[in-house]
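First comes the structure, then the notes that go with it.
The values are calculated or read from the model by the stated rules, or taken from the named source; none is laboratory data. None of these values were measured; they are calculated from a predicted model. Neighbour counts are summed over all protein chains in view; Cβ atoms, including those assigned to glycine, are modelled from backbone coordinates with ideal geometry.
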Amino acid sequence: MTTEPLPQNAAPTRPHAIPSYLDSTHLGPWAIYLEQVERVTPYLGKLSYWVETLKRPKRILIVDVPIHLDNGTVAHFEGYRVQHNTSRGPAKGGVRYHQDVTLSEVMALSAWMTVKNAAVNLPYGGGKGGIRIDPRGYSQGELERLTRRYTTEIGLVIGPEKDIPAPDVNTNPQVMAWMMDTYSMNTGKTSTGVVTGKPVSLGGSLGRSDATGRGVFVTGAEAMKKLGMPLEGARVAVQGFGNVGNAAARIFHDAGARIVAIQDVTGTIASEAGIDPYTALEHLKTTGRIVDLPGSETLTQDEFWDVTSEVLIPAALENQLTADNAGRIRARVVVEGANGPTTPAADDILRERGVTVVPDVLANAGGVTVSYFEWVQDFSSFFWTEAEINARLERLMREAFASLWEVSQRHGVTLRTAAFIVACTRVLEARQLRGLYP
Ligand code: GLU
């Protein structure tokens, strides 16, 4: 036990120099994250001494990913792995394949993982990775070579006890299988715990694929309960029909809610009578697009925001609810399946209009929660049943919701600020207790 006094909430003696890669006015999602940290700082008390820790990632790796294309040429892609914080445990977070991936985006996503993991009290820090590529234009073989080369390049920093990747936008269990195999080949032993979201036959967890959507449902339903809104017949609009939006739509539908609109990259459909998400998924698989589903009408992309619903689930990408459209939202509850879909300016507008936002760092934490279960199962080589996984997930999400709701009521703040208060306090407490090395 140290006898030294703990640091007081004093101003740093020297201003913090801003690292060159942060010194830009066009930082996109990272600027949004910094604004969220600014908002929480007054609530951190003496721990705000350490707040600068949250404002810069611990470690950033930018890698070149060259691959042979099927046409015999070589293509180079830009890859990233960012470890935002490891105060509470190894870095943890997904890998995204998308043409718009930037360093600023991956930095923000890694920071949101730090906050998310701490908000629901998983023993992890935060990390994220990405490759700047539109995977739709590439064959399975090309994607496998891309994944294997990327995994080798980031092999310097990942590992079951260091940094554990997982699926995110446009990556899936097959990609995780390639990552696990590549890491294992490079280290000379099969190491299932290096990634989560693997196929069940390779050490993956039952319940992982629907886990994020299930968490969206559980936290959304808890919010509705607090607001006295019935689930039966509630109208739900979903943006994004990938792993998260699709599962959330199915689970809300199964619970008696009505899916009145779906938007994805291929189009927007609506039906006041309700869309069956199972049929919609079949239709998308066979026709390649969501529009022209029998019984639905086609809307323009922008008209999606005018659909009347009780619950709105942005489950696509960042920056969807902005100052430009937040005033049009008619839902009473927004449940963020995506990471970073709402800008701080939109948060303010929604709050003024009495819309409850269940923030990403809580609402979509179901995925990483079951990733944690998977990692624990891999370490112990003992696997749980799907019923056990779902019950544990639901209990953890309900308890996290209840404690963040209580904090938001006590301080009179939004659920997002409450989640940041709880999470940043946990991260900075760990930071303070560990102390600065050397
Ligand atoms: N990509 C997911 C997220 O944003 C899951 C991360 C994980 O399971 O590590 O939370």
Q) Checking E105 against (1) under 15 Å from the mean Cα position of the chain (by Cα); (2) without any contact (Cβ under 8 Å) to a residue 60 or more places away in the chain, which test does it fail? A) (2)
**Q.** Set S381, S408: member being at positive phi and away from the ligand (no atom under 16 Å from the Cβ)
**A.** S381
Q. Where residues in region 339-352 are closer than 30 Å to K198 by Cβ and of a type outside the set (S, T, N, Q), which of them is nearest to the ligand (Cβ to nearest atom)?
A. G340
Q. For Y437, which of the numbered conditions (1) of a type in the set (F, W, Y); (2) over 25 Å from V95 (Cα atoms); (3) surrounded by fewer than 19 Cβ atoms within 10 Å (Cβ to Cβ); (4) at pLDDT 95 or above fails to hold?
A. (4)
Q) Taking interchain pairs and intrachain pairs at least six residues apart, which have beta carbon atoms under 7 angstrom, with the first residue in region 216-245 and of a type in the set (D, E) and the second assigned to a loop (DSSP other than H, G, I, E, B)? A) E232/G256
**Q.** From V175, V238, V200, V157, residue being under 28 Å from R289 (Cα atoms), away from the ligand (no atom under 14 Å from the Cβ) and either modelled with pLDDT of 95 or more or buried (at least 24 other Cβ atoms within 10 Å of the Cβ) (or both)
**A.** V238
Q: Looking only at region 173-187, decide whether some residue is over 28 Å from P359 (Cβ atoms) and charged (D, E, K, R).
A: yes
Q: Could you grab me the full set of residues in region 38-61 that are under 14 Å from S110 (Cα atoms) and either touching a Leu at 6+ places or on another chain (Cβ under 9 Å) or surrounded by 17 or more Cβ atoms within 10 Å (Cβ to Cβ) (or both)?
A: T53, L54, K55, R56, P57, K58, I60, L61
Q | Residue among Y21, Y33, Y97 that alone is over 22 Å from R136 (Cβ atoms) and modelled with pLDDT of 95 or more | A | Y33
Q) Is it true that V334 is modelled with pLDDT of 95 or more, among the β-branched types (V, I, T) and buried (at least 21 other Cβ atoms within 10 Å of the Cβ)? A) yes
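Take the conditions closer than 14 Å to R148 by Cα and either buried (at least 18 other Cβ atoms within 10 Å of the Cβ) or not hydroxyl-bearing (S, T, Y) (or both) and apply them to V65. Does it pass?
Yes, satisfied.
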Q. With respect to W305, is the statement that it is among the aromatic types (F, W, Y), crowded, with 16+ Cβ neighbours inside 10 Å and more than 16 Å from the ligand (Cβ to nearest atom) true?
A. yes
Q. Residues of region 318-342 being in contact with a Gly (Cβ under 8 Å, 6 or more places away or on another chain) and part of a loop (DSSP other than H, G, I, E, B), which ones?
A. E318, N319, R332, G337, A338
Q: Could you check, for region 299-317, whether at least one of its residues is modelled with pLDDT of 95 or more, β-branched (V, I, T) and part of a helix (DSSP H, G or I)?
A: no
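If you go through region 160-187 one residue at a time, how many are in contact (Cβ under 8 Å) with a residue 40 or more places away in the chain and out of contact with any strand residue (DSSP E or B) (no Cβ under 8 Å at 6 or more places or on another chain)?
Result for region 160-187: 3.
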Q | Residue tally, condition in contact with a strand residue (DSSP E or B) (Cβ under 9 Å, 6 or more places away or on another chain) and surrounded by 23 or more Cβ atoms within 10 Å (Cβ to Cβ), over region 247-267 | A | 9
Q) Of these, G207, G220, G215, G130, which one is among the small types (G, A, S) and out of contact with any Leu (no Cβ under 8 Å at 6 or more places or on another chain)? A) G220
Q. If we scan region 353-367, do we find a residue that is within 16 Å of the ligand (Cβ to nearest atom), β-branched (V, I, T) and closer than 21 Å to V200 by Cα?
A. no
Q | Subset of region 385-438 that is within 28 Å of A211 (Cβ to Cβ) and hydroxyl-bearing (S, T, Y) - its residue that is nearest to the chain's Cα centre (by Cα) | A | T417
Q) Could you say which residue among D254, D276, D264 is modelled with pLDDT of 95 or more and more than 30 Å from A391 (Cβ to Cβ)? A) D264
Q. In region 108-135, which residues are more than 25 Å from V51 (Cβ to Cβ) and either free of Cβ contacts under 8 Å to residues at least 24 places away in the same chain or touching a helix residue (DSSP H, G or I) at 6+ places or on another chain (Cβ under 9 Å) (or both)?
A. G129, G130, I131, I133, P135
Q.
I need the full set of residues from region 394-438 which are polar (S, T, N, Q) and assigned to a loop (DSSP other than H, G, I, E, B), in order please.
A. T414
